[in-house]
Amino acid sequence: MISVEEALEKVLGYVQVLDREEKPILQCLGQVLDEDVYSPINVPPLDNAAMDGYAIKAESALSATPTSPVFLDVIGEVSAGTIAEQEVGALTALRIMTGAPLPKGADCVVRFEDTDEAQLRSYRSPLSQIGILHQATQGQNVRRAGEDIAQGQLVLPQGTVLRPSEIGVLASIGKETAWVIRRPVVAVLATGDELVALGQPLPEGKIYNSNSFSIAAQVLRYGGIPKILGIARDRVDDIENKINEALSSDMLVTSGGVSVGDYDLVKDVLAEQGEVSFWTVRMKPGKPLAFGVIKGVPHLGLPGNPVSSMITFELFVRPAILKMMGKKNLSKPTIKAIIESSIRNTDGRRIFARATVRREGDRYFARTTGPQGSGILTSMARANGLVIVPEEVKAVKEGETVQVIMLDWSEE
Ligand code: AMP
Ligand code: MG
């Protein structure tokens, strides 16, 4: 048996960062940028008003107070998207809207609230002259040209993960498409004579193929493109045929057929056709786990039990997908929590116990989600974290502090 770390190292040692593709920026969400992006423009392009108000020269209003306003002639108005033709002088002001470029001559914007505009309106007086009620300072309420992004600046370096904010930044410099590392196509194959496809009646003794769906959903969630190959029966030829359909994918994930039973044929096919890296990992659930390479395609053979397949996916397939996508941070966030259940570890494997984690103040509490049988998929549905019980720890007791891998955050 090998450790979780050794197994992960072998998997990651084989998978490589994929090639790049150029796509419209919105489609790049969650992918890794594969170019240094420099800005061809200043953002904002011109000095402009941060508030609705009056563009003036700050020196015009040096003596302004609420009881002794400075009155300036209003020579026009400028709204966002237009350039004022007029120039502001010592005794004049230009009415200006948020985002409008600052007119020539002006060096600050006085908010409506700091003028007598509301009063003029209440008397229905024309806005031909405006009273400035407070001293103004140069640059006040002005956004400077290039204050967000300067022309020629490196805006986003290669390797950046594109989140909504980065997509927005790309749009702000007018960039329509970007070069990113492409998403891996992950072939998903379920194996087992007992499996029935969704949409079919369920004969006695059979079960629905749920693994293909939980696994494909995990692939999607972590940024891959699932290619569902359906169900292979427990026959060497059927498994071989289905595996051949996976050869154009970047990775093959199978479920079932990797333990020691007579019908566990995935490992035999792998051993014959591919190169097998390991069979068992010192963890629970998920001990029977295969990793191999079949005709150049990395293959992870997950155990058939629905919980085991999902947890081994989180631990080994997820980091592989992230690495292929060019990501650097491959681990899920881990927190410390106080455990409210006790867990026994009888055979020296690392336990990943499904748990519900909640926060109270600045502390986290974790409670296991009832029976931990690896066929009880609803226990996974109730869990938002995996409590780790290390190999050498015989038991954790209520009240102890444990490490928990977070699968989800309730805020998400
Ligand atoms: P195996 O690893 O092939 O021995 O499978 C172990 C157990 O996992 C089987 O007895 C099934 O109960 C369950 N199982 C295997 N494959 C699937 C699947 N695709 N969907 C749901 N359950 C499965
Ligand atoms: Mg099976």
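The values are calculated or read from the model by the stated rules, or taken from the named source; none is laboratory data. For clarity, every value in this text was computed on a predicted model and none was experimentally measured. Protein only, heavy atoms only, side chains kept; ligands, DNA and RNA dropped before computing areas. Shrake-Rupley method; radii C 1.70, N 1.55, O 1.52, S 1.80 Å.
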In region 342-399, how does Rg compare with the Kirkwood Rh, expressed as the Rg/Rh ratio over alpha carbon atoms? 0.98
How do 313, 213, 365 stack up against each other in accessible area, from largest to smallest, with a 1.4 angstrom probe? 213, 365, 313
Amide H neighbours of residue 70 under 5 Å, counting only residues 5+ apart in sequence or on other chains, H built in-plane at 1.01 Å? 65, 132
Quick one, what does Rg over Rh come out to for the chain if you take C-alpha atoms and the Kirkwood Rh? 1.21
In Å, what is the Rg of the alpha-carbon atoms in region 196-275, and how long is Dmax? 13.5, 38
By accessible area of protein heavy atoms, probe 1.4 Å, what ranking do 312, 177 get, highest first? 177, 312
How much accessible surface area, in Å² rounded to 10, belongs to the heavy atoms of residue 208 with a 1.4 Å probe? 100
Value in Å of the Kirkwood radius, where region 38-186 supplies the Cα pairs that are averaged: 17.3
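Rounded to two decimal places and with Rh computed the Kirkwood way over Cα pairs, what is Rg over Rh for region 235-354?
Ratio value, two decimals: 1.02.
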Rounded to the nearest 10 Å², what accessible area does residue 336 have for a 1.4 Å probe in the complete protein model? 130
Out of residues 5 or more away from residue 3 or on other chains, whose amide H comes under 5 Å of its own, with H placed 1.01 Å from N in the peptide plane? 282
Normalised convex hull volume, region 239-292, alpha-carbon set, Å³ per residue: 86
Inter-part distance where region 103-180 and region 311-343 are each reduced to a Cα centre, Å: 42
Rounded to the nearest 10 Å², the accessible area of residue 250 at probe 1.4 Å: 30
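When DSSP beta bridges are limited to those with both residues in the chain, what percentage is antiparallel, rounded to the nearest 5?
Bridges in the chain that DSSP calls antiparallel: roughly 65 percent.
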Report, in degrees rounded to the nearest 10, the 0 to 90 angle that the Cα long axis of helix 211-221 makes with the longest principal axis of the chain. 30
What 222 nm value per residue comes from the helices of the chain, counting each DSSP H run with n ≥ 4 as -39,500 (n - 2.57) and dividing by all residues, nearest 500 deg cm²/dmol? -5000 deg cm²/dmol
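In whole Å and largest first, what semi-axes does the C-alpha gyration tensor of region 260-315 yield when each eigenvalue is scaled by 5 and square-rooted?
19, 13, 9
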At q = 0.22, 0.28 Å⁻¹, base-10 log of I(q)/I(0) for region 170-228 (Debye sum, equal scatterers on each alpha carbon): -0.89, -1.07
Mind listing the Cα extents of region 1-110 along all three principal axes, in Å, largest one first? 86, 31, 18
Accessible heavy-atom area order of 295, 206, highest first, probe of 1.4 Å: 295, 206
